[in-house]
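Working notes, beginning with the structure itself.
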Amino acid sequence: MKLVSLVSPGLLLIASLATSCGGEQQSSSGSADAAPPVPELPSYIDSFDPSVRDLVLEAHGELAGDALDPGRWMKLGMAYEAHSEAALAADCYRGAVSLDDQQARWWYRLAMALQGNDQLEEGLVALERSLVLHDGHGPAHWRKGLWLLELSREEEARVSFERAIELDPADETGHIGLVQVHLRLGENDQAARALEGSPILLGANGPWATKLLGTAYQRVGREDEARNLLANSKAATPVQRDSWNDELDGYRRGMAAINRQARALIAAGRAPRAVEILEGARVQNPDHVPILRTLGAAYATAGRTKSALEVLKSASELEPENTELRIDTAWAHAMHGELQAALGDALEILQEAPENNKAHILHAQLLMDLGRDEEAIAAFQSALEFGARNPAMLVDIGKKQIGLGRLEDSLASFVLAANQSPVLQSAWIGQAIVNIEMKRFQAADIALKRVEVLAELQPGGADPVVGEIRSQLTALQQEGTREDGGADR
């Protein structure tokens, strides 16, 4: 019997991954008799952003000085991976693990680079090696689950997602992964139940979860609900948090890469970290408008409205014809309390770009803030005509319509808001209030029941006003029963 027949295919692939740079595999000592050959620089290195090129040249020079140091292989690999050069990164990571194969994070980086280079099965082997060395990193488990799904190994993926949830129940990706398993296996009712009323729909992954819920509804024949959900989540992508992947942040040099990373951090609720990265980038290039715009968004999200306004003003001065940037600056004026200045900006933008629905939304919000409700309603109607979707503002418009006695219009606003965002409690509360006012008690009861279901599943429970509305509705229903034998009014 040949010796190779006694070795599992997985172990052979691990050995191949660790030694394919040409060096002798060394288990944990951090040294070897012969170092792997230092890879040549890519022929297209002059096309790199200058700051990226400098980083790569520095890391490559350090590696050439001591190719027996696995940390230097990792540094060069991470410089490549941080700038989407997955194949080059994988070669470097192989060099590192050939010198020291006991570092879970290093195998993890190799796995990520291989997957990024469309070598999914090889990446999965490296990921499993990382998990053997350290089982406690939740994102490694949900990544394994996602990769197994790509390979149509659904039941194995389910186990990985469950382990990720066990390690960190607050991490949304594991829960969403289980929903994806349900959908892949045709368990569409289970997928829908897992998401209906889930707090995930209100979190960073809300749009992505909404898309999955819409898919589940579509498959079980709930076409109208599915259509609304899918229309509002066409471009949705998952938001994933992974502290081991954050280690690449320190290697990002190109402005485009930094900007993408910062926007992902803002979406994930980590605006202060985005501010740190962007402020560093601004020092490198003070006039880079995309960086300035994202920095303004990060400041605003972090509550630093004065800083947001200052940086967005600077960006607008650099690109005065950029309409989207001018809208951002006007919002910053408003957030900083300068409503009249913001309104002037909005009107000027609308004169030049009358079909821009974002400008109409800004105009409507400013008019509401200034107490000019009739004008605000008209402005928001214009936004809708030009394709705007904003369920939270629809609720605000509905409230203004109640105050103006326009109950049918108000009900229409609340219904549209609920269609666009079925988990928005205020949209259902608004429907209940208007239906009570219009003596449509059965419709009010349906809306309140929806709120009560949502409240059980969402952080913070129900709005305190729900109990008051329920008491009022019960009293009116009892009164109606006494007066006319129970017919619904």
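As I understand it, the dipole of the chain uses +1 on the Cβ of Lys and Arg and -1 on the Cβ of Asp and Glu, about the Cα centre. Which of L212, L366, G280 lies farthest toward its positive end?
Of the candidates, L212 comes out farthest on the positive side.
Using Cα-Cα distances under 8 Å and only pairs 6 or more residues apart, what relative contact order does the chain have, in percent?
Working: 686 pairs, mean separation 36.6, N = 489.
Taking the mean separation of contacting Cα pairs over the length of the chain, I get 7 percent.
Any chance you could give the angle, 0 to 90 degrees and rounded to 10, that helix 391-403 forms with the longest Cα principal axis of the chain?
Rounded to the nearest ten degrees, it is 10.
Arranged from highest to lowest average of other beta-carbon atoms within 10 Å per residue, in what order do the peptides 236-242, 323-329, 85-91 appear?
Working: 236-242: 17.4, 323-329: 19.9, 85-91: 22.1.
Output ranking for 236-242, 323-329, 85-91: 85-91, 323-329, 236-242.
Quick one: which of 269-281, 342-354, 199-211 comes out on top by average Cβ neighbours within 10 Å, and what's the full order, highest first? Write out the running numbers ahead of the final one.
Values: 269-281: 19.3, 342-354: 17.2, 199-211: 20.8.
Listed from highest to lowest mean packing, they are 199-211, 269-281, 342-354.
Order Y217, Y251, most accessible first, counting only protein heavy atoms with a 1.4 angstrom probe. Walk me through the numbers before you get to the answer.
On the way: Y217 10, Y251 50 Å².
Largest accessible area first, the residues go Y251, Y217.
Starting from the residue with the highest accessible area, list H336, H83 in decreasing order, probe 1.4 Å. Display every interim value, and only then the final one.
Numbers: H336 75, H83 35 Å².
Final ranking, largest accessible area leading: H336, H83.
Rounded to whole Å and sorted largest first, list the principal axis extents of the Cα atoms in the range 53-168.
47, 24, 22
Run the quick spin-label model on L57 and R372: label points 7 Å from Cα toward the beta carbon, then report their separation in nm to one decimal.
If labels sit at L57 and R372, their model points lie 5.7 nm apart.
Just to confirm my numbers, what's the Cα centroid distance between the range 210-271 and the range 153-193 in Å?
17
For K211, which lysines qualify as cross-link partners when the Cα separation must be under 19 Å and same-chain residues fewer than eight apart are set aside?
Of all the lysines, those that pass the test against K211 - Cα under 19 Å, at least 8 places apart if same chain - are K234.
Over the chain, give the accessible area per residue in Å² for a 1.4 Å probe, as an integer. Don't skip to the answer; put the middle values down first.
On the way: 22800 Å² over 489 residues.
Averaged over the residues of the chain, the accessible area is 47 Å².
On each of the three principal axes of the Cα atoms of the chain, give max minus min coordinate, whole Å, ordered largest first.
The Cα atoms of the chain stretch 95, 60, 31 Å along the principal axes, largest first.
With every protein chain kept in the model, how would you rank V453, V465 by accessible area, 1.4 Å probe, largest at the top?
On the way: V453 75, V465 50 Å².
Sorted by accessible area, descending: V453, V465.
In debye, nearest 20, what is the charge dipole magnitude of the chain about its Cα centre with +1 on Lys and Arg Cβ and -1 on Asp and Glu Cβ, if you could check?
Working: 46 positive and 71 negative charges, 138 e Å.
Magnitude of the dipole: close to 660 debye.
Quick one: helix 206-219 against the long Cα principal axis of the chain, what's the angle to the nearest 10°, folded into 0 to 90?
Relative to the chain, helix 206-219 is tipped by roughly 80 degrees.
Helix-only estimate, please: 222 nm mean residue ellipticity of the chain, summing -39500 (n - 2.57) across DSSP H runs of length 4 or more and dividing by its residues, to the nearest 500. It would help to have the intermediate numbers written out before the result.
Working: 25 runs with 335 residues, N = 489.
Dividing the helical sum by the residues of the chain leaves -22000 deg cm²/dmol.
How much of the accessible area of the chain, probe 1.4 Å, is carbon plus sulfur, in whole percent? The partial results should precede the final answer.
Details: 11300 of 22800 Å².
Percent of accessible area from carbon and sulfur atoms in the chain: 50.
Heavy atoms of the protein only, probe of 1.4 Å, neighbouring chains included. What is the accessible area of R406 in Å², nearest 10?
About 80 Å², ignoring ligands and nucleic acids.
What does the net charge come to around A157 if you take all other residues with beta carbon closer than 10 Å to its beta carbon, with K and R at +1 and D and E at -1?
Numbers: positive: K144, R153, R158, R184; negative: E150, E154, E155, E156, E162.
Here the count lands on -1.
The values are calculated or read from the model by the stated rules, or taken from the named source; none is laboratory data. Keep in mind that this is a model prediction, so the values were computed, not measured. A quick note on method: Cβ atoms are made from the backbone with ideal geometry, for glycine too, and the neighbour counts reach across all protein chains shown. Each accessible area value is taken on the protein alone, full model and side chains, heavy atoms only, with ligands, DNA and RNA left out. Shrake-Rupley method; radii C 1.70, N 1.55, O 1.52, S 1.80 Å.
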